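K.L.:
Got a structure for you, questions after.
The values are calculated or read from the model by the stated rules, or taken from the named source; none is laboratory data. Keep in mind that this is a model prediction, so the values were computed, not measured. Here the Cβ positions follow ideal geometry from the backbone for every residue, glycine too, while neighbour counts run over all protein chains shown.
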Amino acid sequence: MGKLLIKHGTIVSMSSERGVIKDGYLLVEDGLISELGDVCDLPLLASSDALIDADGSVVIPGIIDAHAHPAEYMIREVADELLDGEARVRRWILPLYENMTPDVEAMATRMFLEEAASCGTTVVADPMMMNVGSVLEEVAKVNVRVVAGALSWSLRDRIYTEPKDALAALRRIEDESSRRREMVIPLASAVDVVNSSYELLETLAVEANKKGLIFTSHFGFSRNELDLVRKAGFDVERVLIARVVGMPVEDAVKAAGEGAGFVACPYTCMSNGGGLGRRGMLPELSQLGARVALGSGGLSSPGSTDMLRVAGLAALAFKDSRFSTSVVDAWWALSAVTAQAADALGLDKAGRFDEGSWGDAVILDPRLRGSGSVVGDPLIYAVYRGGCHHVKHVIIGGRTILEYGKFVKQR
Ligand SMILES: [Zn+2]
């Protein structure tokens with residue numbers, strides 16, 4: 001793989017210094033970022049195999065969807081929006097998972113990834129793959145990175161996973177990960193902690209500890225779920241708590257203090273009337289030093305794969321519910337789908353433009369859809385006005401997969 005040079009854009013690095021380079025350049029070599037800086041410092045005769053002129057555009061790191069359910073692509077917008085969350089799970093989501101054939105799940109996942117990539121998402125975390133083999137085979141046809149976990153659900157009578165089957169599925173993901181390094185990243189996961197057998201959690205914990213995997217699960221169904229996870233043997237610093245809205249505040253604060261990460265899905269939560277703003281706690285948890293991330297979540301209710309839209313929605317929900325402009329800012333919201341999300345998923349090469357990071361970038365250009373240019377703060381632009389419709393180019397591992405809003409045929 002050669003050298004790709006992106007120049008003249010406003011580069012939003014998402015590095016810890018909150019660096020924004022007004023007229024910058026980014027050089028990607030062999031899939032990794034090798035240099036970034038001010039265009040003035042770029043040697044006149046800098047050579048590259050490919051060049052993107054990002055003049056007038058904003059360049060951000062590849063976007064991360066830290067909690068997605070791609071299989072639900074098949075039941076998008078089918079559920080009556082007046083149904084509550086529980087009814088939606090019973091009437092639509094459980095039957096979907098019970099009847100999901102390998103082909104349908106694989107196709108749903110691929111369509112999800114393609115749509116997500118067209119919105120600038122370069123990493124999708126799917127903690128609930130059912131037919132791991134067929135899904136991974138299909139995923140390999142799209143150049144989007146996948147953080148993959150197998151569906152492990154053991155006490156509900158309808159979908160039952162034996163601990164040994166959960167382990168076999170996770171091993172299958174690890175095999176694929178060793179073949180497609182850095183494109184498939186294994187994740188230990190259970191649907192929820194309360195309805196998982198202790199044996200299942202213990203089995204997953206042994207594997208997660210051996211391989212240094214992040215463990216994720218939907219929390220917030222009862223008290224002391226963290227104690228259960230700890231007792232099963234998981235390292236709390238490598239636990240990613242999904243569905244934080246139902247958690248008792250003191251449990252969440254305790255988990256944050258012990259180094260757990262958190263992911264919330266604004267569309268799912270808000271469309272269910274779940275109270276993201278009031279009970280989501282993400283701004284406060286990140287003030288305590290916790291890594292927080294956002295996900296697209298379920299799609300049977302109103303949902304979106306456009307993570308910039310998700311980030312903007314979350315920021316507005318937190319500001320509005322707390323009657324405060326200062327509770328979060330655009331940097332926080334963007335980092336919850338880039339830098340902080342990478343930290344939450346244990347991806348040390350994603351979410352930031354640093355030398356040695358993955359060469360994943362998104363070039364946003366409002367003029368692509370005839371909108372006015374970016375005049376002021378590029379972060380405020382990206383979070384509150386950017387989104388799918390402004391995604392001009394998407395680069396994953398130095399390879400341009402979307403050009404002028406259209407997929408590039410991969411050679
Ligand atoms: Zn979920």
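K.L.:
Only one of (1) modelled with pLDDT of 95 or more; (2) more than 23 Å from ALA350 (Cβ to Cβ) fails for GLU174. Which number is that?
P.N.:
If we test GLU174 against (1) modelled with pLDDT of 95 or more; (2) more than 23 Å from ALA350 (Cβ to Cβ), just (2) comes out false.
K.L.:
Of all residues being within 16 Å of the ligand (Cβ to nearest atom), without any contact (Cβ under 8 Å) to a residue 40 or more places away in the chain and hydrophobic (A, V, I, L, M, F, W, C) in the range 237-258, which is surrounded by the fewest Cβ atoms within 10 Å (Cβ to Cβ)? Just the residue, please.
P.N.:
VAL245
K.L.:
Regarding ALA256, is this residue touching a Phe, Trp or Tyr at 6+ places or on another chain (Cβ under 8 Å), closer than 14 Å to SER196 by Cβ and at pLDDT 95 or above? Walk me through it before giving the result.
P.N.:
Values: touching a Phe, Trp or Tyr at 6+ places or on another chain (Cβ under 8 Å): yes; closer than 14 Å to SER196 by Cβ: no; at pLDDT 95 or above: yes.
In short, no.
K.L.:
Specify which of the listed residues (PRO266, PRO302) is out of contact with any Leu (no Cβ under 7 Å at 6 or more places or on another chain) and not assigned by TED's automatic domain parsing to the domain that holds VAL391.
P.N.:
Working: PRO266 fails: out of contact with any Leu (no Cβ under 7 Å at 6 or more places or on another chain).
Selected residue: PRO302, the only one of PRO266, PRO302 that is out of contact with any Leu (no Cβ under 7 Å at 6 or more places or on another chain) and not assigned by TED's automatic domain parsing to the domain that holds VAL391.
K.L.:
Sort through SER300, SER304 and tell me the only one that's part of a loop (DSSP other than H, G, I, E, B) and away from the ligand (no atom under 14 Å from the Cβ).
P.N.:
Exactly one residue qualifies, and that residue is SER304.
K.L.:
Next question. For the range 177-212, give me each residue that is in contact with an Asp or Glu (Cβ under 7 Å, 6 or more places away or on another chain) and not basic (Lys, Arg). Please lay out each step first, then the result.
P.N.:
Initially, the range 177-212 is screened for residues in contact with an Asp or Glu (Cβ under 7 Å, 6 or more places away or on another chain), giving 184, 186, 188, 193-194, 209, 211.
Listed by number, the residues that qualify are VAL184, PRO186, ALA188, VAL193, VAL194, ASN209.
K.L.:
State whether one or more residues within the range 4-20 are assigned by TED's automatic domain parsing to the domain that holds VAL362, out of contact with any helix residue (DSSP H, G or I) (no Cβ under 8 Å at 6 or more places or on another chain), basic (Lys, Arg) and assigned to a strand (DSSP E or B).
P.N.:
Among the residues of the range 4-20, not one is assigned by TED's automatic domain parsing to the domain that holds VAL362, out of contact with any helix residue (DSSP H, G or I) (no Cβ under 8 Å at 6 or more places or on another chain), basic (Lys, Arg) and assigned to a strand (DSSP E or B), which makes the answer no.
K.L.:
Name, by its number, the condition in (1) modelled with pLDDT of 95 or more; (2) within 26 Å of ALA317 (Cβ to Cβ) that does not hold for SER357.
P.N.:
(2)
K.L.:
Quick one: GLY37 ticks every box in (1) surrounded by 15 or more Cβ atoms within 10 Å (Cβ to Cβ); (2) assigned to a strand (DSSP E or B) except a single one, so which number is it?
P.N.:
(1)
K.L.:
Restricted to the range 279-296, and to residues that are within 22 Å of ASP84 (Cβ to Cβ) and modelled with pLDDT of 95 or more, which residue is nearest to the ligand (Cβ to nearest atom)?
P.N.:
GLY295
K.L.:
Do you know which residues across the range 259-278 are at pLDDT below 95 and away from the ligand (no atom under 16 Å from the Cβ)?
P.N.:
Correct list: GLY273, GLY275, GLY277, ARG278.
K.L.:
So which of ALA71, ALA87 ends up being away from the ligand (no atom under 14 Å from the Cβ) and either farther than 27 Å from ASP348 by Cα or in a helix (DSSP H, G or I) (or both)? Quick ask: steps written out before the conclusion?
P.N.:
Details: ALA71 fails: away from the ligand (no atom under 14 Å from the Cβ).
On inspection, the qualifying residue turns out to be ALA87.
K.L.:
Out of the range 109-118, which residues are of a type in the set (A, V, I, L, M, F, W, C) and out of contact with any Ser or Thr (no Cβ under 6 Å at 6 or more places or on another chain)? Show your work before the answer.
P.N.:
Of the residues in the range 109-118, the ones of a type in the set (A, V, I, L, M, F, W, C) are 111-113, 116-117.
Matches in the range 109-118: MET111, PHE112, LEU113, ALA117.
K.L.:
If you don't mind, there's one more thing I want to ask. Run ALA333 past the list (1) within 17 Å of the chain's Cα centre (by Cα); (2) within 16 Å of the ligand (Cβ to nearest atom) and report the number of the one that doesn't hold.
P.N.:
Of the numbered conditions (1) within 17 Å of the chain's Cα centre (by Cα); (2) within 16 Å of the ligand (Cβ to nearest atom), the odd one out for ALA333 is (2).
Yes/no per residue for (1) within 30 Å of MET128 (Cβ to Cβ); (2) under 28 Å from the mean Cα position of the chain (by Cα); (3) touching a residue at least 12 places away in the same chain (Cβ under 8 Å):
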site: ASP30; (1), (2), (3): no, yes, yes
site: SER34; (1), (2), (3): no, yes, yes
site: LEU44; (1), (2), (3): no, no, no
site: SER57; (1), (2), (3): no, yes, yes
site: GLY62; (1), (2), (3): yes, yes, yes
site: ASP65; (1), (2), (3): yes, yes, yes
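K.L.:
Can you name the condition, by its number, that THR101 falls short on among (1) under 19 Å from GLY298 (Cβ atoms); (2) out of contact with any strand residue (DSSP E or B) (no Cβ under 7 Å at 6 or more places or on another chain); (3) not aromatic (Phe, Trp, Tyr)?
P.N.:
(1)
K.L.:
Looking at MET107, MET128, which one is in contact (Cβ under 8 Å) with a residue 12 or more places away in the chain and either assigned to a helix (DSSP H, G or I) or at positive phi (or both)?
P.N.:
MET107
K.L.:
Continuing with this model, one more query. I'm trying to understand the selection: among the residues of the range 307-330, which are assigned to a loop (DSSP other than H, G, I, E, B) and out of contact with any Lys or Arg (no Cβ under 8 Å at 6 or more places or on another chain)? I'd like the intermediate steps shown before the answer.
P.N.:
Taking the range 307-330 as the starting set, the residues that turn out to be assigned to a loop (DSSP other than H, G, I, E, B) are 322-329.
Once the filter is applied, which keeps residues that are assigned to a loop (DSSP other than H, G, I, E, B) and out of contact with any Lys or Arg (no Cβ under 8 Å at 6 or more places or on another chain), the range 307-330 yields ARG322, PHE323, SER324, SER326, ASP329.
K.L.:
Continuing with the same structure: Considering only the range 215-233, state which residues are within 16 Å of the ligand (Cβ to nearest atom) and among the β-branched types (Val, Ile, Thr). Talk me through it step by step, then tell me what you get.
P.N.:
So the first thing to find is which residues in the range 215-233 are within 16 Å of the ligand (Cβ to nearest atom), and the list is 215-221, 225.
Scanning the range 215-233 gives a single hit, THR216.
K.L.:
Kindly provide the set of residues from the range 354-411 that are assigned to a strand (DSSP E or B), touching a helix residue (DSSP H, G or I) at 6+ places or on another chain (Cβ under 8 Å) and surrounded by fewer than 19 Cβ atoms within 10 Å (Cβ to Cβ), ordered by number.
P.N.:
Within the range 354-411, PHE407 is the sole residue that qualifies.
K.L.:
In the range 160-184, how many residues are assigned to a loop (DSSP other than H, G, I, E, B) and either among the basic types (Lys, Arg) or crowded, with 17+ Cβ neighbours inside 10 Å (or both)?
P.N.:
So the count comes out to 4.
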